Amino acid sequence: MPAADLILMADTIHAAGPPAGAIAIRGGVITAVGDRSDARDWRGPGTEVIDLGPATITAGLVDGHFHPVMGIGMTRGADLTRVRTLDDLVVALKRAGESVARGGWVEGWGLDPNVFGDVPVTHAPIVEALGPDVLGAIQMFDAHSAIASPRALELAGIGGPRGFASGASVVCDPAGRPTGHLLEMEAAALLDEVMPADEPSERRDRLRALLRSMAASGLTGANAMDFEDDSAALFDALEDEGELPIRWRCAPFVNPGVDADGLAAVVDLQRAGGRRWRVDGAKFMIDGVVDVGTAWLDEPDSHGECTSSLWPDPSAYRAAVRQLASHSVPIVTHAIGDAGIRYVLDTYSSVPRVSPVPYRMEHLETMPSDLVARFAALDVTASMQPNHCSHFTRADGQDNWSKRLGETRAGRAYRIRDVRDGGGRVALGSDWPIAPYDPRGIIASARLRRPAGSPDVEPIVPSQALTARMALDGYTSAAAAAAGLADRAGRIAPGFQADLSAFTLDPLTAGPDEFAESPVPLTVVDGTVTHRA
């Protein structure tokens, strides 16, 4: 066997075969797995040898749902993710306004709608904090709604209700005046047209920092569930500097109202890529989110909302899926409500799959048992985000999501274990910037059904907790299978790609809370060290 480029050794290696203590890598591929004594036969004069001692090496962790480029634009301004009351929001906005020049935009992101309690979501806190004449915009945590100040609405030309190709809307009071609440991306995008854009160099810097931080958390790859206008330029610019520390599979949005030319453009984009990034899929959204009343439920929520698809004519979604699938484009669909999940499953069952990549569905927040069983039957990947459950819902049902759904439907929250036990494929991820992306915390949340490091928080539907092995699989072997790569990624075995994550604690034996704090001594992508503590 030719000499290895890199040999990794550790006390624990979760390999596909017998217990191992060493891995040989050459040309970005694992060439041998054995014990430490075998490493002598793999070495050559140029081999780098790294012995991690008592650490644990796993197959590289892959985030199933991420928004890298969209996210660096969404996370501008004040971080409002820790705001819990309206008073806190006013204080945070005042503080943010102090650092903005007169006439500039005061921005915030990550606001939880639970802050408003039973009060309607409006721009009242912005006005109280900054006055009516300040340009202010808040991106809500779910990325499906925003709040604009009166002056921002005026600048964007939003003076009343608007019609949209999707189920988006401008919320208005009984007199027809906008309240500042903009539902869904098409409505919130009206602000983008008048807000200042980031400089390309600033966007590159932010994306570079994000990718390095991801590698330092143990991630080796991720699925980008969008492909912004400058995504290719940003990835290419970073690859001009060197190798990306994270592999990316990108799925461009396919929005309601798309025409034949738009679908053809998505097919053409499938040819785009670089050394460690590529376009490989198309991202649909059949509905919105429960928290602002735009999910698609079989029965209305407690506000009388969540009654329709984001596609005014759902059959147009089905036709678009059929068109792209016929060109072997991998299909991804965001579906949160039971009616939306059912419609997507029905669509998938009626559209022949040409691509070797299985159909997949994102989020799956509430669904009855007859839908759970269909994931295995139809070979559909369930891509789920444990932090959505643990961070934004409460066991007592007093959060906005649970109150909108009611006890029965909230009791079907994020049925990740039921899908897994039913033989379904479950890929785990974060949906950053909607929720934190650190996979150690997400693996812990999947096992605990509460935030990692918060033992005082009551678990949400604890029967849906995953085992340690299931949680690790969701980031490794299941992630690879979801991408159609089960024969060459997601496991530590000869012939598989050399993407590896190392932790000081073993994710299969350490307590979940402890593992969430485990240092990451090394991350390897394509046989190259991308993070070294």
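The values are calculated or read from the model by the stated rules, or taken from the named source; none is laboratory data. In this text the structure is predicted, and so the values were computed from the model without any measurement. Note that each Cβ is placed from the backbone with ideal geometry, even for glycine, and that neighbours are counted across all protein chains shown. Side chains included, ligands, DNA and RNA excluded: accessible areas come from the protein's heavy atoms. Shrake-Rupley method; radii C 1.70, N 1.55, O 1.52, S 1.80 Å.
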So which pairs qualify, if the first residue must be in segment 214-232 and assigned to a loop (DSSP other than H, G, I, E, B), the second must be of a type in the set (Gly, Ala, Ser) and at pLDDT 95 or above, the Cβ gap must be under 6 Å, and the two must be at least 6 apart or on different chains?
Gly218/Ser501; Met225/Ala251
Run down Asp499, Asp438, Asp526, Asp513 and say which single residue is more than 19 Å from the chain's Cα centre (by Cα) and under 25 Å from Asp399 (Cα atoms).
Asp513
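Looking at segment 1-109, what helices (runs of 4 or more DSSP H) fall wholly within it and have at least 1 residues that are in contact (Cβ under 8 Å) with a residue 60 or more places away in the chain? Outline the logic, then answer.
Values: elements: 39-42, 68-74, 86-98.
Correct list: 68-74.
If we keep just the residues of segment 364-380 that are open to solvent by 10 Å² or more (accessible area, probe 1.4 Å) and of a type outside the set (A, V, I, L, M, F, W, C), which is nearest to Ala479 (Cα to Cα)?
So the first thing to find is which residues in segment 364-380 are open to solvent by 10 Å² or more (accessible area, probe 1.4 Å), and the list is 365, 368-370, 372-374, 376-379.
Right, trim to of a type outside the set (A, V, I, L, M, F, W, C) and you get 365, 368-370, 374, 379.
Details: Glu365: 19, Pro368: 25, Ser369: 24, Asp370: 24, Arg374: 19, Asp379: 14 Å.
My answer is Asp379.
For every residue, the table says whether it meets (1) β-branched (Val, Ile, Thr); (2) loosely packed, with under 14 Cβ neighbours inside 10 Å; (3) out of contact with any Asp or Glu (no Cβ under 7 Å at 6 or more places or on another chain).
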{"position": "Leu6", "(1), (2), (3)": "no, no, no"}
{"position": "Met9", "(1), (2), (3)": "no, no, no"}
{"position": "Ala20", "(1), (2), (3)": "no, no, no"}
{"position": "Ile23", "(1), (2), (3)": "yes, no, yes"}
{"position": "Ala39", "(1), (2), (3)": "no, no, yes"}
{"position": "Trp42", "(1), (2), (3)": "no, no, yes"}
{"position": "Thr47", "(1), (2), (3)": "yes, no, no"}
Here's a check for you: in segment 61-76, which residue that is open to solvent by 10 Å² or more (accessible area, probe 1.4 Å) and among the β-branched types (Val, Ile, Thr) is nearest to Gly474 (Cα to Cα)?
Val62
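Residues are listed down the side, and each one gets a yes or a no for (1) in contact with a Lys or Arg (Cβ under 9 Å, 6 or more places away or on another chain); (2) touching a residue at least 40 places away in the same chain (Cβ under 8 Å); (3) farther than 25 Å from Ala24 by Cα; (4) acidic (Asp, Glu):
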{"position": "Arg447", "(1), (2), (3), (4)": "no, yes, yes, no"}
{"position": "Leu472", "(1), (2), (3), (4)": "no, yes, no, no"}
{"position": "Ala478", "(1), (2), (3), (4)": "yes, yes, no, no"}
{"position": "Gly495", "(1), (2), (3), (4)": "yes, yes, no, no"}
{"position": "Ala498", "(1), (2), (3), (4)": "yes, yes, no, no"}
{"position": "Val524", "(1), (2), (3), (4)": "no, yes, no, no"}
{"position": "Gly527", "(1), (2), (3), (4)": "yes, yes, no, no"}
Confirm whether Leu297 is in contact (Cβ under 8 Å) with a residue 60 or more places away in the chain and within 22 Å of Asp370 (Cα to Cα).
yes
Here the qualifying pairs (Cβ atoms under 9 Å; residues six or more apart or on different chains; first in segment 257-279 and closer than 20 Å to Ser166 by Cα; second among the acidic types (Asp, Glu) and outside any loop (DSSP other than H, G, I, E, B)) come out as Gly257/Glu186
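Can you pull out the residues in segment 343-380 that are of a type in the set (Ser, Thr, Tyr), out of contact with any strand residue (DSSP E or B) (no Cβ under 7 Å at 6 or more places or on another chain) and outside any helix (DSSP H, G or I)?
Matches in segment 343-380: Ser355 only.
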Among what's in segment 381-401 and is assigned to a helix (DSSP H, G or I) and not aromatic (Phe, Trp, Tyr), pick the residue that is most open to solvent (accessible area, probe 1.4 Å).
His391
